[in-house]
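Below is one structure, written out as structure tokens, with a few remarks after it.
Read-outs throughout are calculated quantities, based only on the coordinates presented, and are distinct from any laboratory measurement. This is a predicted model, so every value here is computed, not measured. Here the Cβ positions follow ideal geometry from the backbone for every residue, glycine too, while neighbour counts run over all protein chains shown.
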Amino acid sequence: MKKIANQILYNLKKEKSSFISFGVIILITALILNCAAVLLRQVDSAYDEKFEELSTAPLNAIVPEVQSNSELEKAFNEAEEVEKCESHTAIMTEATVKDFNGADFSMNTVFYNIDDKRTLNSFELVSESENDVVNPIYIPLYVSNFGGFALNDEIVYVIDGKSHSFTVAGVIEEMQYGNYGSGLLCAYLPEEEFAELADSYSSKTVVEYSMSVKNGASLDKVTNDVSKAIDNKGVMVLSILDSESVKGARTMVTDLLVLILAAFSLITLAVSVFLSNFKVKNAIESEITNMSVLKALGYTSAQIVASITLPYGIVSLLFAILGVGLSYALLPVLCSVLTVQSGFSFDISFDLPSFVCVACILCGVVTFFTFMAARKIKKTQPIDGLRGNTSSKHQKRNYFPLEETKGNTKFLLVLKQMIASKKQNVMLFLVSFVLTVLIAFSGTLFYNVVVKPENFMSALSDEVADVIIYPKSDSVSELEEKFEDDNRVQYSLKYMSAIVKIEGKTVTAFACEDFSKVRNDVCYMGENPREADEIALGSALEENFKIGDTVKVTVDDITKSFKVTGFVQSINLQGELCELSIEGYNSLFAKKQTPFLYVYLENFENAGKITKEYKSDYPTLVADTVNSYKLQKEAQDMYMGITVVLVVAIFAVTIFIVLFILYIVIKSLLVKRRQELGIYKAMGYTSSQLILQTAGSFMPVSMIAIMLSGVLALFYMPAIYQFIFETLGVMKNNIEISFGFLMLFAVAQILVNIIISIILCMPIRKISAYTLIKE
Amino acid sequence: MSNKKEIIIKATKLKKSFITGDTEQTIFEYLNLNIYKGDFTVIMGSSGAGKSTLMYSLSGMDRPTSGEIVWDGKAITSLNDDKLAIFRRKNCGFVFQQIYLLDKMSLMDNVLTASALSETSKKDSVKYANELFTLVNIPEITRKKFPSQVSGGEAQRAGIVRAVINKPKILFADEPTGALNSNNSTAVLDVFTKLHGAGQSIIMVTHDKNTALRGNRVLYVKDGKIYGECDLGGYTNDSKDREAKLNNFLKEMGW
């Protein structure tokens, strides 16, 4: 044992710098992997703990106040698995928050009375103003963090075109309507402010029924029972949200981050395995004589294999521990980013199981693959080893014999070198191929977000005109005439929307006078409705209905039958929508509804001017105007910013991985070929020739992998994007795969590889012809 | 007799020293030497006398600490590394004691790798390489083998072919038979003799008397300078006079 320990120490000391560079990649892997493991284990439980701590109701249903009654609450209480039901009055409306992170932000919002006594859906005050503020409001953490509102800041909500100014009196944390993903955002007002708002919007006053469930109850069953109870009472539901859906939405980015971290840690782990394998094989080749001397002296193969394998195991363990330690410096940063998105705060503590898993995985995987590589020494007879051969077999095949192969000799030398480094080249091929998938993904995203933003935005948004005008009742025709006379306006469309119920399911209905004229046709299957009895259903209903079916649509007490003509998508509504013709829409209402007007301009740059002009010039006709182009542009800019960061990050990671692999491969190669390079120099080869020859031997494989992956991206990238968008509820997307752009990114990647290889080969200049004689 | 010959290399006030820690170890100093065209110059001396160091300095493989080396009227001491490499490819051929063939290439490929640097076409290079292989008695089948598959003598003869493929002005050989057995040594030395007979200038470092007998001019390096010089005349297979002359010379030198 002592003998092996001495050998291990000798190996560690001899290859100190090499083990350190290997350790760095293990450290990075451990850091990323531990972040993923800790987030995976702790965010989920932190969410559940907070959920319990704040007595959050697993199921919340919101109905219009006019339809709520004690019987409904009684029915909920009597539902088999409902433990308790509590009701609260609130105001539910679509509201636009002004200057939310530098732009206007529209969202369905529920305003609660903070003074209401509640045993369910409690909240925690994260911070509260010490001043007496005018029009106080308590906003959720998400609005504060993401929207950029601090205590005592003014926050303006625009409801139906009317601005309501509040002062942030406190920031709260709750687990139901606390982030964008849940589809509803909450805000709490003191009794007086709440009553004032409720008076202004009596039609938007709602009652929220919050239900806790019995232990072991199935949430799906409870949701079904509650939906049935609501159906039986003929009540329209404005929102019904269960805790699982909300949790999914609020922890979506965390899950995505864990997935990305896990993917990156897998790549770095694969790189570590490759490196340890590569280094061990190199060490065996260069140390074969010494190892054979040890064998000849009586050391067993197992002892020699252990002396090679264990240093890697020890280094992996040490650097894994360091990496895990460092991850606790990074985790708080990640947590603060996740808090902004998820809308709930959580602290990370040391996670022993994650640490053990990360250390065992890294140490185990590296030791296993190192052992597999080191086993080669077992097959080597001492005498072969002493002669410098790793096996008794001699080299058999001469690839590209210079005498017989046509072509430039210097080029053939590159090919020969390529074959001599085939294992490294296979790894480089695989790594380059996989990294090109990442590059192609980000390149395509860049193209569709920055170069052709309309492609991306059409998938994310619903119909967007340049200007939206909310007419006062009976002024629609007059406004339409004005648009016809205005040469800046291309055309306008009447648009309407309302909450309807289709066969018991609550969805948002959109009506348009002519769907063939919309810019963003969201119909992905079949056709848009044209006749009064036609309907196109949202993707969320695709499982239950098919084209040609008849569905019943209900608004209040009016129910009409419609024929399904197609299916439409909406990322914002998770596919819970439908489209109707204007006639069909109007037939659902006893009283005639006033549509709003989507205005499409000849030149979108006039949007701001027209928005202001129509509001100020025609106060009797126009209730409100929205510069829809500006809103879209702001959203577009936000996505552009995120995409540019993502593309830069992916490029940086790619360069780092390529740099690291080439560094290790070329450095080892230079050590191994030191004598050979000396011979070349003695023959009269210049440093530049040898640099190009060595760097060039890795280029063909890397170029082929990059170009192949880049060309194949034309076929696999649409499938990847289709999958991602379908997960988000977008069945049809306009994502364009630009061959030219893919090639541009591929060429950039190749250039980066060439430059890195040449730089890494520069030490060849320091190898002198005389070195081989001296050594 | 040597004075009438054309000088290829003229070394003036050559100094070579190594610094180890604070100590400077001088190998040779104020060394002046001429190398003549068509000569088979042998450099002898005791171990550590600086024979190889001198030869590699003259060939541009190593740089002297000071002094000047002029090849055909052109100083090579001021050339940068790449220019020196180009100079070597045009003017020098090297044969090493350890042979130093590229082990992943066949004997023929080793030779053609060197010829790739010349302006000769590949076809002509292959033809000339085959002629040289025939000259050194390496059969066609052996030319396609890897260095590890042939004997030391065959490998060294292939090394000589590689060294002369670009028709160098001088063939430098550093103990070319040092790692070979008697039969292989003789075969290798015969090749040198043949080449010299064909007009090839050679500088060879050796401490073997039999090897030295192949040369026509013997230089003895001692105490950091050319201690003595012996003109042996042309090589003949049975020349007891030459052997006696060399023995006397070496005795004088303190061998």
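Side notes on the structure shown:
- Loop-resident sites, the range A:228-284, for trypsin sites (Lys or Arg not before Pro), counting at most 16 other Cβ within 10 Å (DSSP): A:233
- By the count of other C-beta atoms within 10 Å, a proxy for reagent exposure, A:406, B:15 are ordered fewest to most as A:406, B:15.
- Straight-distance crosslink candidates among lysines, where the alpha carbon sits under 18 Å from residue A:612 and sequence neighbours closer than 8 are dropped: A:98, A:162, A:472, A:482, A:630, A:633
- In chain B, the DSSP beta bridges split such that about 55 percent are antiparallel, to the nearest 5.
- Estimated from the Cβ-Cβ distance and a Förster radius of 25 angstrom, the FRET efficiency linking residue B:34 and residue B:81 is about 0.45.
- DSSP bridge analysis restricted to the range A:69-234 gives an antiparallel fraction near 75%, rounded to the nearest 5.
- Across chain A, Cα pairs under 8 Å and at least six residues apart give a relative contact order of 14 percent.
- Near-label residues of the range A:149-170 by backbone N, under 19 Å of a point 7 Å along Cα→Cβ of residue A:473: A:160-162
- For residue B:26 and residue B:141, the difference between the fully extended length at 0.36 nm per residue and the C-alpha to C-alpha distance is 36.6 nm.
- As a rough guide to protection, the peptides A:647-656, A:530-539 ranked by mean Cβ packing within 10 Å, highest first, stand as A:530-539, A:647-656.
- For the range B:166-183 and the range A:719-749, distance of Cα centres in Å: 64 Å
- The range A:459-632: relative contact order in percent, alpha carbon pairs under 8 Å with at least 6 residues between: 37 percent
- Residue B:123-residue A:379 FRET efficiency (beta carbon distance; Förster radius 41 Å; 0.05 resolution): 0.40
- Working ranking of peptides B:168-177, A:659-668, A:25-34 by packing, defined as the average number of other Cβ atoms within 10 Å per residue, highest first, is A:25-34, B:168-177, A:659-668.
- Computed from the Cβ-Cβ distance with R0 of 56 Å, the FRET efficiency linking residue A:83 to residue A:303 stands at 0.25.
- Distance between modelled label sites at residue B:90 and residue A:124, nm, 7 Å Cα→Cβ extension: 8.1 nm
- Choice from B:126, B:42, B:188 with maximal GNM fluctuation in chain B (Cα, 10 Å cutoff): B:126
- The range A:69-234, relative contact order [Cα under 8 Å, separation at least 6], %: 33 percent
- Degrees, to the nearest 10: A:2-14 long Cα axis against longest axis of chain A: 80 degrees
- Sorting A:658, A:226 by the number of Cβ atoms found within 10 Å of their own Cβ, with the fewest placed first, yields A:658, A:226.
- With Cα atoms, 0 to 90° folded angle of helix A:476-485 axis to chain A main axis: 60 degrees
- With 28 Å as the limit on Cα-Cα distance, the pairs of A:379/B:145; A:672/B:123; A:378/B:104; A:74/A:592; A:452/A:615 that go past it are A:672/B:123; A:74/A:592; A:452/A:615.
- With a 10 Å cut-off around each Cβ of A:543-550, the average count of Cβ atoms from other chains is 0.
- Excluding same-chain neighbours fewer than eight residues apart, the lysines reachable from residue A:247 by a Cα-Cα span under 16 Å are A:50.
- Computed from label points 7 Å out along Cα-Cβ, the spacing between residue A:165 and residue A:419 is 8.1 nm.
- Karplus (6.51, -1.76, 1.60) ³J(HN,Hα), θ = phi - 60°, over the range A:60-73, in Hz, Gly and Pro reported as x: 10, 10, 10, 10, x, 4, 5, 9, 7, 7, 5, 5, 5, 5
- DSSP bridge analysis restricted to the protein assembly as shown gives an antiparallel fraction near 70%, rounded to the nearest 5.
- Counting beta carbons within 10 Å around each of A:523, B:230 and listing the fewest first gives the order A:523, B:230.
- Comparing Cα centroids, the range A:581-632 and the range A:186-239 end up 31 angstrom apart.
- Peptide packing for A:252-265, B:88-101 was compared via the average number of neighbouring C-beta atoms within 10 Å per residue; ordered from the highest value, the list is B:88-101, A:252-265.
- Between the range A:1-73 and the range B:62-98, the C-alpha centres lie 63 angstrom from each other.
- Across peptide A:673-681, the average count of Cβ atoms from other chains found within 10 Å of a residue's Cβ is 4.
- C-alpha long axis of helix A:252-297 to longest principal axis of chain A, angle in °: 10 degrees
- Cβ neighbours within 10 Å from other chains - mean over B:143-152: 2
- Shape analysis of the range A:450-528 places it in the oblate category; the axes a ≥ b ≥ c from the Cα gyration tensor give an a/c of at least 1.5, with a/b not above b/c.
- Within straight-line reach of residue B:169, meaning a Cα separation under 19 Å, sit the following lysines at least 8 residues removed in sequence or on another chain: A:681, B:4, B:5, B:10, B:37, B:74, B:83, B:90, B:194.
- Taking 0.36 nm per residue of separation and subtracting the Cα-Cα distance, full extension of the segment from residue A:406 to residue A:191 would add 68.3 nm.
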